[in-house]
DNA sequence: TAGCATTCCTACCCGTGAGTAAAGAAACAG
DNA sequence: CTGTTTCTTTACTCACGGGTAGGAATGCTA
């Protein structure tokens, strides 16, 4: 609940330096919104590192070089922390949908753009929370809210698939299953990205999109032994 | 650790009726292996329902109509419970690899067979544990073991992809990214299958395989009629 | 500099849940 | 029927962690 004012929490790249608003300058800051965001970011980092249940509020406080009651000064419960991390993550994806809705492109291109942003979101600092937030860990109201947001994203993908089938840019398929497959592949990034950051989220998503678009079955019918390995080089006009 | 004797734990379909070895017959059973399996199955069901951290051993005991020390009579820790559930799940997938290795089929066909079994495993009663077991929840030794098993499966998929590219049955692609995409899509089934069991795991996997094989881009290029199509009900003309 | 609001900490409460000790109930062997 | 083994329970211990009370420090305003 409690749609905060426009704190620029979403869409931020993970700051390598924690840069806590505490202990950085000698004087005590009075920017509430800033500190609140820092608390949520720190929570996201700790959740991402240890998991929600293996992270205590003392851990989060320690990461900020602060004590637990200080955290509670900015947040009312651990659940709220998880909830806000989730929302921050999913908001990036919703933004992608809004952004793409305007573009005069075939649905497949718009879908690809959304999927790329999706991948970036999952690889962001809030990715873990967005993907792994379990509704059983949250009170009913938050759980419902999360489910609703997840469903919105799912329906958005299905809609783009249907539009693509309509306008001929996407092969006929079952939108529901296809959406599950796409979202699943991207969501799963959150599981291994922590260990292997050799690519950015957008790069991963682009690689995935290539697979999804082309499919495993060879395009140009011939079942040639070796030699024919020619990567894709199609889509001139609209891509990019 | 402690590789139990060959208890037929894996490969079993979820028994709708719990069928606890306790409280079913009047006399007290003395089959240790049977009861141990029942404990692990019950744990898997409860973990699947509430999540690992939201499941107490009292819950598991209650599900078996037994008390907590009884559970500890068959198992040494909660961690072991999770570990064994994981192993039971992943064992189904390893079996699929072994089975398929013999078949005289192009690699793509063998891959598809593995993926179908993979989907069944994820949709099985151990699917949740296999997919969501977090290494942070387990002691180092078990964590290493799990990582090793996961890696084995990953490498198995990559190998099939490489073989497929070699024998021409699979379009050239990046095996690592493609394997991540495939496994991710299938793993993610565990997240929504609980809520939507309208299809079996094998059916879902088959649907996924169809998507993966064909890809989203239309096969016969002819269908590219209105490529620059308007997005959803664009009022004005093509806004450039 | 008094006075007020904001921010933060020390010191606590207490429910929960993993894990155990020790004794009781059933089966089995002789 | 007696002793022994196997299984199950009652009745605990104890650490951990979410959350809070109340007060101290700091900054803002006049």
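The values are calculated or read from the model by the stated rules, or taken from the named source; none is laboratory data. Everything quoted here is computed from the prediction, not taken from an experiment. Positions of Cβ are backbone-derived with ideal geometry, glycine not excepted, and every protein chain shown enters the neighbour counts.
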Practice prompt. Could you list all residues from segment A:49-59 that are more than 11 Å from chain B (Cβ to nearest Cβ) and over 20 Å from residue B:54 (Cβ atoms)?
Written response: A:58
Item to complete: Name every residue in segment B:78-130 that is touching a residue at least 24 places away in the same chain (Cβ under 8 Å) and not in a helix (DSSP H, G or I), in order of residue number.
Response: B:106, B:124, B:125, B:126
Worksheet entry | Subset of segment B:41-59 [in contact with a helix residue (DSSP H, G or I) (Cβ under 6 Å, 6 or more places away or on another chain) and near DNA strand C (Cβ under 8 Å from one of its atoms)] | B:54, B:55, B:57, B:58, B:59
Worksheet item: Which residues, counting only those in segment B:173-193, are within 19 Å of residue B:92 (Cα to Cα) and not in a helix (DSSP H, G or I)?
Response: B:188, B:193
Worksheet item: Within segment A:189-198, is there a residue that is more than 27 Å from residue B:132 (Cβ to Cβ) and in contact (Cβ under 8 Å) with a residue 40 or more places away in the chain?
Response: no
Fill in: residue B:232 modelled with pLDDT of 95 or more and touching a helix residue (DSSP H, G or I) at 6+ places or on another chain (Cβ under 9 Å)
no
Worksheet item: Quick check: anything in segment B:47-68 surrounded by fewer than 20 Cβ atoms within 10 Å (Cβ to Cβ) and more than 24 Å from residue B:132 (Cβ to Cβ)?
Response: yes
Worksheet item: What is the number of the single condition among (1) part of a helix (DSSP H, G or I); (2) closer than 22 Å to residue B:211 by Cβ; (3) at the interface with chain B (Cβ under 7 Å from one of its Cβ atoms) that residue A:170 does not meet?
Response: (1)
Discussion item. Quick check on this structure: which one of B:152, B:163, B:134 is at pLDDT below 95, surrounded by fewer than 21 Cβ atoms within 10 Å (Cβ to Cβ) and out of contact with any strand residue (DSSP E or B) (no Cβ under 8 Å at 6 or more places or on another chain)?
Written reply: B:134
